[in-house]
Amino acid sequence: MKVICHTNLDLMPAEDWPDELPAVPRVGDEIESKMFWSFADTGTFRLSLKVVAVRWCFNGVDWTPHIELHTNQSIREFFEWYAPKVGRRVSSFI
């Protein structure tokens, strides 16, 4: 099923969210980015964000679910965790 995933977090451009899913996710589900980060000093990880809203939008032909992704942490807490993981400083994002 075609979906559009988005977040208002200012993430690295390499974070890549799915454009198709086998079903519409529920609020509270988590979706992983396709990007696999690997640094010797921070280890490896894929960013996973929570589904906080699903909105059905009409694109002129049919309805497509728009999936809003976010974190349960404060913005500052998130970027204090995320920035070193992707080789950046918190000030790069905030």
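What follows draws every value from the coordinates through simple rules; no lab data is involved. Remember, predicted model here, so these are calculated numbers, not experimental data. Here Cβ is always computed from backbone atoms with ideal geometry, including for glycine, and neighbour counts include all displayed protein chains.
Key figures
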| read-out | value |
| --- | --- |
| Extreme residue, positive dipole direction of the chain, given options VAL52, PRO65, PRO25 (C-beta unit charges) | VAL52 |
| The chain, dipole about Cα centre (Lys/Arg Cβ +1, Asp/Glu Cβ -1), debye to the nearest 20 | 140 |
| Amide hydrogen neighbours beyond the local backbone of CYS5, cut-off 5 Å, H modeled | ILE67 |
| Residues SER92 and ARG26, FRET efficiency given R0 of 25 Å [Cβ-Cβ distance, rounded to 0.05] | 0.15 |
| In range of the label at LYS85: residues from the range 1-23 whose backbone nitrogen is under 15 Å from the point 7 Å along Cα→Cβ | 9-17 |
| Zone of HIS70's modelled label, taken as backbone nitrogen in the range 1-21 under 12 Å from a point 7 Å along Cα→Cβ | 7-9 |
| Range of Cα positions in the chain per principal axis (Å), largest first | 46, 23, 22 |
